Amino acid sequence: MALFWCMEVLPLGVTALFPVVLFPLMNIMDSTKVCMEYLQDSNMLFIGGLMVAIAVEHWNLHKRIALRVLLIVGVRPALLIMGFMSVTAFLSMWISNTATTAMMIPIAQAVLEQLHKSQQETSPVGHVAESINKAFELQEVPDKSDEEEKLKDVQQLEEEKHLTFCKGMSLSVCYAASIGGIATLTGTTPNLVMKGQMDALFPTNNNVVNFASWFMFAFPTMLVLLALSWIWLQIMFLGFDFRKNLGCGANASMKAKQKMAYRIIKDEHKKLGPMRFAEIVVNVLFLLLVVLWFTRDPGFITGWATIVFNKNGERYNCFSSLPPSSQRGYRPPDADTSH
């Protein structure tokens, strides 16, 4: 580390984190004890999640995932909301809720703007204006005030529908980010705080809360809440006509709007081009990180942390390498307590 600092081979902060990685790997020092020299181990875990989030955002991997899902679900109103909620909830499982919302809102805004443009081009307002022009060409004198009133009413109705749909779409992203954060321990900070407090107050809890057990409990809850939120937002902002919201029996103008919006999403996806090397690396590291989190100490089988770092066969805590023998209040079996 001294050599790296003097030569500045890596940024100074990166070199300073070497003990966090190398000491546990070389079985020199437990990761919990190393992390406590910097921060609490739960805070260190949160910093690691933020680093992954920054890498995903820097290389626009979130945008590629979002556009790909939208191309799969389509642009029908109810399915469009479902697509954005699904992508946002999935990203929020691994990235903080605030960062996920900040990443997804601009994408939703771009899609909404394009939907509004296509709606204006194929809306009845154009047909009303066209009928007025034909009447003047035939030298007929229609009631101009009535035609203008009709035009204003149609325009106002279209604007109100668009604003209502924008509200529903924006709320769907915010709700999905909060709901998706409960699915994993790293999804939001309160989950990590609970894990840290539980280990501090109940050090002999036998690792009852780990990444796998939390996921098995919280993921089904997240799916139920996400479905209920989608139904509620659809009723509030799209109405009770579920058949129309899902695009069943749509008229020609509605289909034209959907095709135009779908074409725009497809063009945006094409602009990203093929996946670059950096995107592939970030994707691979992200998947590897998730697999390692799940398999560190799942509870029902021996995790890799126990096999690699603990030669005595005792289990570690979920996010620390601290063996039970060094936990507060632990007494090995058959120990001589006469002293």
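Read-outs: derived from the displayed coordinates by stated rules, not from any lab. Given the structure is predicted, the values throughout are model-derived calculations rather than measurements. Cβ: placed from backbone, ideal geometry, glycine included. Neighbour counts: every protein chain shown.
Ranked by Cβ crowding within 10 angstrom, fewest neighbours first, how are Tyr262, Tyr38 ordered?
Numbers: Tyr262 17, Tyr38 14.
In increasing order of surrounding Cβ atoms, one gets Tyr38, Tyr262.
Cβ neighbours within 10 Å, averaged per peptide: list 65-77, 266-278 in order, most packed at the top.
Numbers: 65-77: 18.7, 266-278: 11.6.
Descending mean neighbour count gives 65-77, 266-278.
Suppose the Debye formula is applied to equal point scatterers at every Cα of the range 164-226; what is log10 I(q)/I(0) at q = 0.14, 0.18, 0.23 Å⁻¹?
Taking Cα atoms of the range 164-226 as identical point scatterers yields -0.49, -0.69, -0.93.
Report the dimensions of the range 1-110 along its three principal axes from the alpha-carbon atoms, largest first, rounded to Å.
Sorted from largest, the Cα extents of the range 1-110 read 58, 29, 21 Å.
Sort Phe294, Phe211 so that the residue with the fewest other Cβ atoms within 10 Å of its own Cβ comes first and the one with the most comes last.
Details: Phe294 15, Phe211 23.
Fewest-to-most Cβ neighbours within 10 Å comes out as Phe294, Phe211.
Beta carbons within 10 angstrom, averaged per residue: use that to sort the peptides 220-227, 57-64, highest first.
On the way: 220-227: 14.8, 57-64: 17.8.
Packing proxy ranking, top to bottom: 57-64, 220-227.
Specify the inter-centroid distance of the range 1-37 and the range 47-91, based on alpha-carbon positions, in whole Å.
34
Between Trp304 and Ala200, what's the calculated FRET efficiency when r is the beta-carbon distance and R0 is 22 Å? Round to 0.05. Could you put the intermediate results ahead of the total?
Working: r = 25 Å, r/R0 = 1.13.
In this case the efficiency is close to 0.30.
Sorting check: for 89-98, 177-186, which peptide has the highest mean count of neighbouring beta carbons within 10 Å, and how do the rest follow? Don't skip to the end; give the middle numbers.
Values: 89-98: 22.6, 177-186: 24.6.
Descending mean neighbour count gives 177-186, 89-98.
Report the FRET efficiency, 1/(1 + (r/R0)^6), for Leu163 and Phe277, where r is their Cβ-Cβ distance and R0 is 45 Å, rounded to 0.05.
Numbers: r = 42 Å, r/R0 = 0.94.
Given R0 = 45 Å and the Cβ-Cβ separation, E is 0.60.
Given R₀ = 22 Å, FRET efficiency for Leu287-Met51 by Cβ-Cβ distance, to 0.05?
On the way: r = 16 Å, r/R0 = 0.70.
After rounding, the FRET efficiency stands at 0.90.
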